[in-house]
Amino acid sequence: MTYRIPDSLIAEENAGRVAALEDDYGALRRQLERRGLDIEAIAAKVAAFAVAVPTWGVGTGGTRFARFPGAGEPRNIFDKLEDCATIQQLTRATPACSPHFPWDKVGDYRELAERATALGIGFDAVNSNTFQDQPGQALSYKFGSLTHATKAVRDQAVAHNIECIEIGEKLGSKALTVWIADGSNFPGQSNLDRVFDWYLESLREIYARLPGDWRVFLEHKLCEPAFYATVIADWGTSLMAAQALGPKAFCLVDLGHHAPNVNIEQIVARLIRAGRLAGFHFNDSKYGDDDLDAGSIDPFRLFRVFNELVDAAERKARGFHPAYMLDQSHNVTDPIESLMVSVIEVQRAYAQALAVDRAALAAAQDASDVMEATRLLKAGFLTDVSPILAESRRRQGGAVDPVATYRASGYRARKAEERPAAAGSSSGIV
Ligand code: PSV
Ligand code: MN
């Protein structure tokens, strides 16, 4: 038996924090009441909110310069599931993980599904990987995968995506996320129009293999590793592809995949309008695709994204059922701590957006009262919703303070004993 944090420890840790939490919750209830908002309505929505943990996120990340592995990090998908389950146990907001293949490949998917069920974890979107060559792979992706000039390479990449769907079916997943690194590093390297034809041709084959209740998420990214022209560089290209493919194709927004200063919330609003928003890979960044913890650099941007999401939910926008996932690289922190804090920051942005008086905001907008409108929006952002988040965790059996409880448990030290071997590249830690 491997170590799991005892629920009794969570209860003990919570006991010392409950009185302060009750005080804070009561004060926030009264504050929200004065603004015409019902704390229980917000708490119910927060409790129903879930965000998936990327299996590759629980291992220590790295840069192209170095990776500094941490003791006790997961060695394989079974270890990763344990860590995901710990995050869920403490936060109660991450009931599923999002696996990446072939990093998470195993011989027996029934065993994997059973282990996940035993740990109380489900499987969100499966992610394909045609951005790396794997040992023993017949053809290289150095010059592209789904859009490679050579049909045999495109076929190999299509086959991998179909295999991901088949694995996902065994795991109970309902979506495939496709991100390709394809593109060019030099003007003239490839024909910008022809590569898009190849993308559509390849995706059509993958799309045809989607089970009836599945969706495919197309993830765009401006640059890296292609630094001149990435094939699926932006939301416009992604939307064109989704519309060409059919009703099961949606556009996934990774917050780190845009040009600097781009108005991401407006992109989100447009994709919602088109009925094609797949969901998110949450993370934060200062310069590029930094993959920092969600809300760590620009929490106001995260809030503005959630403002659009709450607005869409309240107007019951057509086709609006986004999938929420994290996609981060934890290079200098304990990944479990980073992921728990990130989940909380995503929940926080959601709760803050729920704390906006939308009727008053609409009235201010209609009256062209700019200052009142912006003040009303800011009032949501400036609301300290922490008591709602903590109370929601407590009510569901989670930790009032997940990081403190995690540290008190000594989980990582226990895992260092249980997981002596260092993680290798096959565990998807890049
Ligand atoms: C690419 O930068 C990306 O955001 C894609 O989602 C990949 O699947 C993930 O990172 C992991 O490399
Ligand atoms: Mn991503």
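The values are calculated or read from the model by the stated rules, or taken from the named source; none is laboratory data. The shown structure was predicted, so the numbers you read here are calculated from the model rather than taken from an experiment. Neighbour counts are summed over all protein chains in view; Cβ atoms, including those assigned to glycine, are modelled from backbone coordinates with ideal geometry. These accessible areas exclude ligands, DNA and RNA; they are computed on the full protein's heavy atoms, side chains included. Shrake-Rupley method; radii C 1.70, N 1.55, O 1.52, S 1.80 Å.
Could you please give the count of residues in the range 294-321 that are part of a loop (DSSP other than H, G, I, E, B), open to solvent by 30 Å² or more (accessible area, probe 1.4 Å) and out of contact with any Lys or Arg (no Cβ under 6 Å at 6 or more places or on another chain)?
Final tally of qualifying residues: 8.
Please count how many residues of the range 252-266 are within 15 Å of ligand 2 (Cβ to nearest atom) and not in a loop (DSSP other than H, G, I, E, B). Steps first, answer last, please.
In the first step, residues of the range 252-266 are kept if they are within 15 Å of ligand 2 (Cβ to nearest atom); the result is 252-258, 264.
Subset that is not in a loop (DSSP other than H, G, I, E, B): 252-254, 264.
Qualifying residue count, the range 252-266: 4.
State which residue pairs qualify: first residue over 21 Å from THR405 (Cα atoms) and inside the range 9-30, second residue open to solvent by less than 60 Å² (accessible area, probe 1.4 Å) and outside any loop (DSSP other than H, G, I, E, B) in any location, beta carbons under 6 Å apart, and separation of 6 or more residues or different chains.
LEU28/PRO387; ARG29/ILE39
Of the conditions (1) part of a loop (DSSP other than H, G, I, E, B); (2) open to solvent by less than 40 Å² (accessible area, probe 1.4 Å), ARG75 satisfies every one except a single condition; which number is it?
Evaluating ARG75 over (1) part of a loop (DSSP other than H, G, I, E, B); (2) open to solvent by less than 40 Å² (accessible area, probe 1.4 Å) leaves (2) as the failure.
Pick out the one residue from ARG215, ARG270, ARG276, ARG204 that is in contact with a Lys or Arg (Cβ under 6 Å, 6 or more places away or on another chain), touching a residue at least 12 places away in the same chain (Cβ under 8 Å) and either open to solvent by 10 Å² or more (accessible area, probe 1.4 Å) or under 30 Å from THR333 (Cα atoms) (or both). Can you show your working first?
Details: ARG270 fails: in contact with a Lys or Arg (Cβ under 6 Å, 6 or more places away or on another chain); ARG276 fails: in contact with a Lys or Arg (Cβ under 6 Å, 6 or more places away or on another chain); ARG204 fails: in contact with a Lys or Arg (Cβ under 6 Å, 6 or more places away or on another chain).
It is ARG215.
Write out, first by first residue and then by second, each pair whose Cβ atoms fall under 6 Å of each other, whose residues are 6+ apart or on separate chains, and whose first residue, in the range 280-298, is under 24 Å from ALA269 (Cβ atoms) and within 13 Å of ligand 2 (Cβ to nearest atom) while the second is among the aromatic types (Phe, Trp, Tyr) and open to solvent by less than 50 Å² (accessible area, probe 1.4 Å).
Here the result reads PHE280/TYR324; ALA294/PHE282, each pair linking the range 280-298 to a residue that is among the aromatic types (Phe, Trp, Tyr) and open to solvent by less than 50 Å² (accessible area, probe 1.4 Å).
Return the total of residues in the range 122-144 being over 19 Å from the mean Cα position of the chain (by Cα) and more than 16 Å from ligand 2 (Cβ to nearest atom).
12
Need the failing condition index for TYR406 against (1) in contact with an Asp or Glu (Cβ under 9 Å, 6 or more places away or on another chain); (2) more than 21 Å from ARG4 (Cα to Cα), just the number.
Every condition holds for TYR406 apart from (2).
Can you confirm whether the range 322-335 contains a residue that is out of contact with any Gly (no Cβ under 7 Å at 6 or more places or on another chain), surrounded by fewer than 18 Cβ atoms within 10 Å (Cβ to Cβ) and modelled with pLDDT of 95 or more?
There is at least one residue in the range 322-335 that is out of contact with any Gly (no Cβ under 7 Å at 6 or more places or on another chain), surrounded by fewer than 18 Cβ atoms within 10 Å (Cβ to Cβ) and modelled with pLDDT of 95 or more.
Among the residues of the range 163-190, count how many are open to solvent by 50 Å² or more (accessible area, probe 1.4 Å) and touching an Asp or Glu at 6+ places or on another chain (Cβ under 9 Å).
Here the count works out to 1.
Being open to solvent by less than 70 Å² (accessible area, probe 1.4 Å), on the phi > 0 side of the Ramachandran plot and outside any helix (DSSP H, G or I): is that true of GLY59 here?
Judged against the criteria, GLY59 is not a match.
Scan the range 339-387 for residues that are more than 17 Å from LEU28 (Cβ to Cβ), exposed (fewer than 14 other Cβ atoms within 10 Å of the Cβ) and among the hydrophobic types (A, V, I, L, M, F, W, C) and jot them down.
Scanning the range 339-387 gives ALA359, ALA362, ALA367, VAL370, MET371.
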